[in-house]
1. If you line up the long axis of helix B:79-88 against the longest principal axis of chain B, both from Cα atoms, how many degrees apart are they, to the nearest 10?
2. For the protein assembly as shown, what is the charge dipole size about the Cα centre, in debye to the nearest 20, if Lys and Arg each add +1 at the Cβ and Asp and Glu each add -1 at the Cβ?
3. Just the accessible area per residue of chain A, please: how many Å² with a 1.4 Å probe?
4. Going highest first, how would you order A:97-103, B:38-44 by mean Cβ packing within 10 Å?
5. Mind pulling the angle between the C-alpha long axis of helix B:5-16 and the longest principal axis of chain B? Nearest 10 degrees, somewhere in 0 to 90.
6. Roughly what % of DSSP beta bridges within chain B run antiparallel, to the nearest 5?
7. Sum up the charges of everything whose Cβ sits under 11 Å from the Cβ of A:L86, counting Lys and Arg as +1 and Asp and Glu as -1, but leave A:L86 out.
8. Quick check: the angle from helix A:176-202's long axis to the longest principal axis of chain A, C-alpha only, nearest 10 degrees?
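The values are calculated or read from the model by the stated rules, or taken from the named source; none is laboratory data. Bear in mind the structure is a predicted one, so any value in this text is a computation, not a measurement. Reconstructed Cβ throughout: ideal geometry from the backbone, glycine too, with neighbour counts over all protein chains shown. Please note that ligands, DNA and RNA were not included when accessible areas were found on the heavy atoms of the full protein model with its side chains. Shrake-Rupley method; radii C 1.70, N 1.55, O 1.52, S 1.80 Å.
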Number of protein chains: 2
Amino acid sequence: MSLTQRRRERIEAVLADRLSSVVVVLEAVHRRHNASAILRSCECFGLHEVHLISGDFKPSKGAARGSERWLEIVQHTDTASCVASLKERGFSIFAADLAEKAETPDSVAVDGKVAILMGAELTGVSETARQLADGFICVPMRGMTESLNVSVASACIIARVAERRRAVVGGGDLDPSRLQAFLQAWEDREITAAEGMAARVGSQ
Amino acid sequence: MSLTQRRRERIEAVLADRLSSVVVVLEAVHRRHNASAILRSCECFGLHEVHLISGDFKPSKGAARGSERWLEIVQHTDTASCVASLKERGFSIFAADLAEKAETPDSVAVDGKVAILMGAELTGVSETARQLADGFICVPMRGMTESLNVSVASACIIARVAERRRAVVGGGDLDPSRLQAFLQAWEDREITAAEGMAARVGSQ
């Protein structure tokens, strides 16, 4: 069994546009619904990689809309090792925080790889993240309410930073070998799913 | 009884930064939670006016975070009259839609007043809105998932359009007489609330 030509072309086009030099780290988003909404935004904006620090996270199906299947999700047990591995790969870490010296999605430097680290809804990023981050980022707020929903704030940051980074790298920048490997995994999964469906229909 | 000087200064500063030349129209956002989240985003990004076309909407308290108290909310019974009144005031209407010729939050013209019209979650903007709109706007999406949550999509549009418009008008642009009237109403409400609280404490 094989994928239809049209489906394959669609997947190839999406992968060619994938941005791997902007990643998101979710440190401790306790509400599964919010974390899943953030995964969905990452995928919609064409990011490729999301790092989860809470080890046992399972996306909630409705909110993530299946976006987790189209992302490379990397699980970590703690903030320090996650940040270290990203720094080793050349990422600058910006923690989402209302810090005084916070950059905005408009001002943060996008001439290199950027990791956006989001903390928990109420308490924000951890002290470890605060100490290890290269800088801080927040969405400028101008109202009396002074708090955006965490999935809204992340989406505003991701959308803008990704668009600005795309302008620098000229579109997608996923390494060809990673692209091929991911494409193969996608195809295998889609074929397995189609075969499963065909088998179920055939047995009725 | 009067407001503390600090509170008053904070309210004055927020109002001085209010952007009245970008408004949001919610046509038929049926999930109260989503509509309330959009109100919250509007207030956080410093918009002043939101138009609601479903006549009987009441914000859900958690999601709106009280932001509805800091906005001028105008209720309408139908899309046509709402659009007509905004056009009469010089607004260009951009309907949020995945139309082929849709502008992006980066490309939409912000040299004049802009109204962003959001439709329902599943069916999008109404046919009436589609016909009456001056143009369409959507958030560029690059993934397989191809759908953003409506409150996330609106926030991404509002944040960017408002920031770009602010750069044109040089900050806030609320008419001084409206600003004074709104400030007075705010103050009256805060004093009434404080007096109510004082009376409750006094009677214990």
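1. 80
2. Dipole size: approximately 500 debye.
3. Value for chain A: 47 Å² per residue.
4. So the peptides A:97-103, B:38-44, ranked by packing, come out B:38-44, A:97-103.
5. It works out to around 20 degrees.
6. 5
7. 0
8. Helix A:176-202 sits roughly 50 degrees off the main axis of chain A.
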